[in-house]
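The values are calculated or read from the model by the stated rules, or taken from the named source; none is laboratory data. Small disclaimer: the values here were computed from a predicted structure and weren't measured. Every residue, glycine among them, receives a Cβ derived from its backbone with ideal geometry; neighbour counts consider all protein chains shown.
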């Protein structure tokens, strides 16, 4: 019969389990199964035996080895307590035993089931990377790497799925840059492209790339316009140039292409362009990834087609999360699909009511502005248009209010419901000229009252979706100046707003629940809000205009505002909760056929998830205390 105290002692001494929080260790004690072995028992046969879980040695020893083609033992190792066997096999070897194992007489091990082990990997990044880092070190051994099989497919390997979304651009093959000078005749450029067998050529002025030419450029800008082919290429080239760091991830490159509508990305390394990637190249890297689905959204034409695409998103998110993909990436996929749909709608409305009479920006706010959309979506948007002469003001305003109403109605038809709080461009309060918006922000900062703090917070999370970049750039330049003025009272109110939601913990540190119907639930959005709010406070104080919570955290780390440990605690906490939130919403839509909400039933959580969530809530409490001391102590005590 297994002894809980024995298991706890093993957990506290065996890497990496010993690094888990006490509450998490206690939550998994009952999950372990005890196994005792007689003399020289073959426990695992390499690449044949399925791994039911990972084994922690309590007594005796495991002899591990590879068998070569002649069944000779290779790379034999003897392991005693404390030792965990099987983590690498579960994560990297299609759940088959990586090595053969013989247990000596009197060996006793405690086995953690595979499902619960993977859960721990999802819950604790440091725990997960103990095994992946160990594998990386072992693969430097030529004999070890000789025996290791590569993961076979996306579905067969948990780690393979994770790697597909964490591969950096530097690790894939990109094409060399072929270039011509701006004054080169068009026909010479076409010849160079044919000889070099490239579909994209870049225009380089001295050492600076100023544009590019593709097969489509030659078709649309030269042949269709009947431009003489001896004219200089600079007259017909396309731009702007879109680039990405070689340290960026593959999925980031794909999403950037979809957002910018660019088919080519220059790869930048240490300040220099070293090659380029095509959209087709990247999509072929992704295989049947859900990212390919985004391309199909762009091909949809009618509102019915767009609604059908949006209805497919919960299944895609379910697949991503089921493959172990981080919730931060899932957020970006949802946001990119939503952005693509909104852009199609905006272009459709302009086609219906005519070109706008002034430059403008259609911006998104709230979670969509932060690129953190979930499957429970309503509309959060606004419009800024350029200032016009008095006689044109009413005409311009009438157009944009009519435009906003059409966009809002179409989005509602597709599945993005009207905002119950009225934070939509179709509300006249949120469609105004640039000067009006500047005055509004100035008022929110200077007249520090609670409702203004909420408005400022909402519209600080704004992001340009469509329109003239210079308009929103001017607004941010204005904000940058205003936020440098002495305004302790403003920051105190913003900070107080960040403290209004407390992590739902009872006095005895249990998760605080409420009853809805027959279920005990907790509101996960309210549990996550403190992280969004407190990171926003620090971003405001440091004039960081990155919209995304994860991105803000990274910049705060780079500035030294947060330590590496603080960054990792908040980043991991936020996206762990986001993963549970998205899974819950996807299941509400897919299985229960319900409209998604933010209430997570307690009985849907495992003991590991409950223990992890409690640890996260304690972390949030500590950070809120820091905000209270730093920003509000003078005003509120």
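To keep it simple, each residue is scored yes or no on (1) under 25 Å from the mean Cα position of the chain (by Cα); (2) surrounded by 23 or more Cβ atoms within 10 Å (Cβ to Cβ); (3) part of a helix (DSSP H, G or I).
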| residue | (1), (2), (3) |
| --- | --- |
| 363 | yes, yes, no |
| 368 | yes, yes, yes |
| 373 | yes, yes, no |
| 398 | no, no, yes |
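Collect the residues in the stretch 8-39 that are under 24 Å from residue 509 (Cα atoms), touching a residue at least 60 places away in the same chain (Cβ under 8 Å) and surrounded by 19 or more Cβ atoms within 10 Å (Cβ to Cβ), keeping them in residue-number order.
The answer is 17, 20, 24, 27, 28, 31.
Of all residues in the stretch 7-30, count the ones that are in a helix (DSSP H, G or I) and either closer than 23 Å to residue 101 by Cα or outside the structural domain of residue 113 (by TED's automatic domain parsing) (or both).
Residues meeting the conditions: 4.
Just one of (1) touching a residue at least 12 places away in the same chain (Cβ under 8 Å); (2) surrounded by fewer than 17 Cβ atoms within 10 Å (Cβ to Cβ) trips up residue 534, so point out which.
(2)
Against the condition crowded, with 16+ Cβ neighbours inside 10 Å, touching a strand residue (DSSP E or B) at 6+ places or on another chain (Cβ under 6 Å) and either in the same structural domain as residue 350 (by TED's automatic domain parsing) or in a loop (DSSP other than H, G, I, E, B) (or both), how does residue 445 come out, does it pass? Give the derivation first.
Values: crowded, with 16+ Cβ neighbours inside 10 Å: yes; touching a strand residue (DSSP E or B) at 6+ places or on another chain (Cβ under 6 Å): no; either in the same structural domain as residue 350 (by TED's automatic domain parsing) or in a loop (DSSP other than H, G, I, E, B) (or both): yes.
Judged against the criteria, residue 445 is not a match.
This table checks each residue for (1) in contact with a helix residue (DSSP H, G or I) (Cβ under 6 Å, 6 or more places away or on another chain); (2) modelled with pLDDT under 85.
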{"position": "436", "(1), (2)": "no, no"}
{"position": "444", "(1), (2)": "yes, no"}
{"position": "447", "(1), (2)": "no, yes"}
{"position": "460", "(1), (2)": "no, no"}
{"position": "463", "(1), (2)": "yes, no"}
{"position": "469", "(1), (2)": "no, no"}
{"position": "485", "(1), (2)": "no, yes"}
{"position": "505", "(1), (2)": "yes, yes"}
{"position": "511", "(1), (2)": "no, no"}
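If you go through the stretch 477-524 one residue at a time, how many are closer than 30 Å to residue 602 by Cβ and part of a helix (DSSP H, G or I)?
3
Can you tell me which residues in the stretch 117-139 are under 30 Å from residue 40 (Cβ atoms) and more than 24 Å from the chain's Cα centre (by Cα)?
Across the stretch 117-139, the qualifying residues are 134, 135, 137, 138, 139.
How many of the residues making up the stretch 61-79 are crowded, with 17+ Cβ neighbours inside 10 Å and over 18 Å from residue 89 (Cβ atoms)?
Going through the stretch 61-79 one residue at a time, the tally reaches 1.
For residue 201, only one of the following conditions fails: (1) under 22 Å from residue 276 (Cα atoms); (2) part of a helix (DSSP H, G or I). What is its number?
Every condition holds for residue 201 apart from (2).
List pairs: first in the stretch 586-598 and within 19 Å of residue 333 (Cα to Cα), second not in a loop (DSSP other than H, G, I, E, B), Cβ under 6 Å, 6+ apart or cross-chain?
Qualifying pairs under 6 Å: 586/314; 586/317; 586/318; 589/314; 590/314; 596/585; 596/588; 596/589.
Can you name the condition, by its number, that residue 557 falls short on among (1) in contact (Cβ under 8 Å) with a residue 12 or more places away in the chain; (2) buried (at least 16 other Cβ atoms within 10 Å of the Cβ)?
(1)
Can you pull out the residues in the stretch 45-55 that are crowded, with 20+ Cβ neighbours inside 10 Å and in contact with a helix residue (DSSP H, G or I) (Cβ under 8 Å, 6 or more places away or on another chain)?
If the condition is that a residue be crowded, with 20+ Cβ neighbours inside 10 Å and in contact with a helix residue (DSSP H, G or I) (Cβ under 8 Å, 6 or more places away or on another chain), then 46, 51, 53, 54 are the ones that fit.
So which of 373, 319 ends up being at pLDDT below 90 and either under 23 Å from residue 536 (Cα atoms) or outside the structural domain of residue 123 (by TED's automatic domain parsing) (or both)?
Of 373, 319, the one residue that is at pLDDT below 90 and either under 23 Å from residue 536 (Cα atoms) or outside the structural domain of residue 123 (by TED's automatic domain parsing) (or both) is 319.
So which residues in the stretch 207-241 are at pLDDT below 90 and in a loop (DSSP other than H, G, I, E, B)?
Matches in the stretch 207-241: 207, 239, 240, 241.
Would you check which residues across the stretch 603-624 are surrounded by fewer than 17 Cβ atoms within 10 Å (Cβ to Cβ) and not in a helix (DSSP H, G or I) and list them?
606
Determine whether residue 58 is modelled with pLDDT of 95 or more and either touching a helix residue (DSSP H, G or I) at 6+ places or on another chain (Cβ under 9 Å) or surrounded by fewer than 15 Cβ atoms within 10 Å (Cβ to Cβ) (or both).
Here the answer is yes, as residue 58 does meet what is asked.
What is the residue count in the stretch 97-115 for residues that are touching a helix residue (DSSP H, G or I) at 6+ places or on another chain (Cβ under 7 Å) and surrounded by fewer than 18 Cβ atoms within 10 Å (Cβ to Cβ)?
Qualifying residue count, the stretch 97-115: 1.
Just to be sure before I move on: is residue 499 touching a strand residue (DSSP E or B) at 6+ places or on another chain (Cβ under 9 Å), more than 15 Å from residue 362 (Cα to Cα), in contact (Cβ under 8 Å) with a residue 12 or more places away in the chain and not assigned by TED's automatic domain parsing to the domain that holds residue 380 in the structure I sent?
In short, no.
Yes/no per residue for (1) touching a helix residue (DSSP H, G or I) at 6+ places or on another chain (Cβ under 6 Å); (2) more than 24 Å from residue 375 (Cα to Cα):
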{"position": "398", "(1), (2)": "no, yes"}
{"position": "406", "(1), (2)": "yes, no"}
{"position": "415", "(1), (2)": "yes, no"}
{"position": "420", "(1), (2)": "no, no"}
{"position": "426", "(1), (2)": "yes, no"}
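Can you find a residue in the stretch 257-264 that is assigned to a strand (DSSP E or B) and at pLDDT 90 or above?
Checked against the condition, which is being assigned to a strand (DSSP E or B) and at pLDDT 90 or above, the stretch 257-264 yields no hits at all.
Residues in the stretch 379-394: is at least one in contact with a helix residue (DSSP H, G or I) (Cβ under 6 Å, 6 or more places away or on another chain), over 18 Å from residue 354 (Cα atoms) and either outside the structural domain of residue 349 (by TED's automatic domain parsing) or surrounded by fewer than 18 Cβ atoms within 10 Å (Cβ to Cβ) (or both)?
The answer is yes; a qualifying residue exists.
Quick one: which of 534, 582, 540, 570 is assigned to a helix (DSSP H, G or I) and either at pLDDT 95 or above or in the same structural domain as residue 317 (by TED's automatic domain parsing) (or both)?
Working: 534 fails: either at pLDDT 95 or above or in the same structural domain as residue 317 (by TED's automatic domain parsing) (or both); 540 fails: either at pLDDT 95 or above or in the same structural domain as residue 317 (by TED's automatic domain parsing) (or both); 570 fails: either at pLDDT 95 or above or in the same structural domain as residue 317 (by TED's automatic domain parsing) (or both).
After applying the criteria, what remains is 582.
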